[in-house]
Every structure is written in C-alpha cells, then in structure tokens.
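Student: Mind looking over this structure? Questions follow.
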Amino acid sequence: MRQRRLMNQINVVPYIDVMLVLLVIFMVTAPMIQPGTVNLPNVDKAAAPPSEAMIVTIKDDSSYTLRRTSNAPEESLEQKALIREVGAETQAHPDRAVVIAADKSVRYELVMNTLNDLRNAGVSKVGLQTQKSGS
C-alpha cells in the first residue's frame, strides 16, 4: 500500500472566509458610529485674556508665578501656596477668570495637573494662554 504524502501548505480558505465576515461586519457598523468632535483652539484667532484675569505662569524650570492683575507684579509661589491663593481669590470673586501661561518646554502633564488642581480648588473659569503665530 502506498503512503499518502504529507501536505506542507497552509490552507488559507478558512482565513479568507473569516476576513470577509469581519469586513462585512465593519462595513455595516461603520456608518452607525458617531465620531467625536474635537474643537481645537486656533492660535491665529486666539483672543487676549481678560484684563482682570489672574495669570498663573509655569516656567521651564517648573517654578510658578502669579500675577493678580495685568498691572500687578509677579509673585513667585510654591504650587500648593499658589493653588491656595488662587482658590481664595476666586471664592471672593467667583466670576474671576484664571489663565495658565506655560512655557513651551514645560511638560504637558505639569500643565494639566495645575489645571486640575485649580478646578479642584473651586476655580470655574480656567483657560490656557497661547501666543499668536508670527509673534
């Protein structure tokens, strides 16, 4: 009796069937998915911060300064003291805005942690300052 020779090739037909089924599933469900809209700020048309806004500056050495008004001098503060000061000021004047101006080389995480800490301190109007392109 003659032995059957082993087949050393992969049968790809089942894989193609599975791929076609997945393709049909994705084609049917793709129109049903609602894409999220992200409105990114356009720095060419960025508005200047209000003159009465407090400006929190994060410098490239991770130090913080606070300017209470546009005419006031900058005060160097530690992060916790800064959050306390801004929180107390916004509790006295709830409609007062706070603007975070961070150096370009500051880590994104530090800016977002500061933003989160300010919101946890009760600041409702917090924005990020940008520089117009070409300036």
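Any read-out appearing in this document is the output of simple, stated calculations on the displayed coordinates, not a laboratory observation. This is a predicted model, so every value here is computed, not measured. Note that we place each Cβ from the backbone using ideal geometry, even for glycine, and neighbour counts take in every protein chain shown.
Student: Between Asp17 and Arg119, what is the spin-label point distance in nm, taking each point 7 Å from the Cα along the Cα→C-beta axis?
Tutor: Rounded to a tenth, the inter-label distance reads 5.0 nm.
Student: List the GluC sites (Glu not before Pro) within the range 77-122 that DSSP assigns to loop and that have no more than 10 neighbouring Cβ atoms inside 10 Å. Don't skip to the end; give the middle numbers.
Tutor: Values: sites: Glu78, Glu85, Glu89, Glu109; in loops: Glu78.
Here the GluC sites (Glu not before Pro) that fit, given the DSSP loop and packing criteria, are Glu78.
Student: Dipole magnitude of the range 49-128 about its Cα centre, charges +1 at Lys/Arg Cβ and -1 at Asp/Glu Cβ only, in debye to the nearest 20?
Tutor: On the way: 10 positive and 12 negative charges, 35 e Å.
Using only the charged Cβ atoms, the result is roughly 160 debye.
Student: May I pose another question? Taking the alpha carbon gyration tensor of the range 49-128, what are the square roots of 5 times its eigenvalues, largest first, to the nearest whole Å? Before the final figure, lay out each step's value.
Tutor: Numbers: eigenvalues 64, 38, 27 Å².
They are 18, 14, 12 Å, listed from largest to smallest.
Student: Once you have the Cα-Cα distance between Thr130 and Gln91, take 0.36 nm times their residue separation minus that, and quote the gain in nm to one decimal.
Tutor: Values: separation 39, 0.36 × 39 = 14.04 nm, distance 2.60 nm.
Gain in length upon complete extension: 11.4 nm.
Student: Oh, and also: Direction-averaged shadow area of the convex hull around the Cα atoms of the range 64-104, nm²? Intermediate values should be presented prior to the final figure.
Tutor: Details: hull surface 12.8 nm².
The Cα convex hull of the range 64-104, projected and averaged over all directions, gives 3.2 nm².
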